[in-house]
Amino acid sequence: MATMGERLKELIDKKGISQKELAEKVGCTDAAISHYIKGDRVPRASVLTKIAIALDTTSDYLMEGVPTDVTDELGFAKKLIARNVSQMSKAEKREIINILMGDDDE
């Protein structure tokens, strides 16, 4: 799974802006953006929010890789379930199936 810095770099490239331009939009230094990309530092919540807005994404995507659209969310959910299924109880698995089937009568 990609790091926050890798996701940040990818979005900067996709947006076609420089680290300096992002820093100006966010109100921090380009050195700070560089540190975030390298993984040396993690932005404060207020800065993270401004970065997410400037890059048309969410803080959740930047920090955890949580997808920003429904198609990606489905893939993310599948990976999350697959990774944790061996640790889930029968009741938890049944609960997921009920959610997917729309059965609220439990």
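What to note about this one:
- If the condition is being farther than 28 Å from Ile81 by Cβ, among the aliphatic types (A, V, I, L, M) and in contact (Cβ under 8 Å) with a residue 12 or more places away in the chain, then region 33-54 contributes Ile33, Ile37, Ala45, Val47, Ile51, Ala54.
- Residue, surrounded by the most Cβ atoms within 10 Å (Cβ to Cβ), within region 23-33, restricted to residues that are touching a helix residue (DSSP H, G or I) at 6+ places or on another chain (Cβ under 6 Å) and part of a helix (DSSP H, G or I): Ile33
Only the coordinates and a few stated rules stand behind these numbers; no lab work does. Fair warning: this is a prediction, and the values are worked out from it, not measured in the lab. Reconstructed Cβ throughout: ideal geometry from the backbone, glycine too, with neighbour counts over all protein chains shown.
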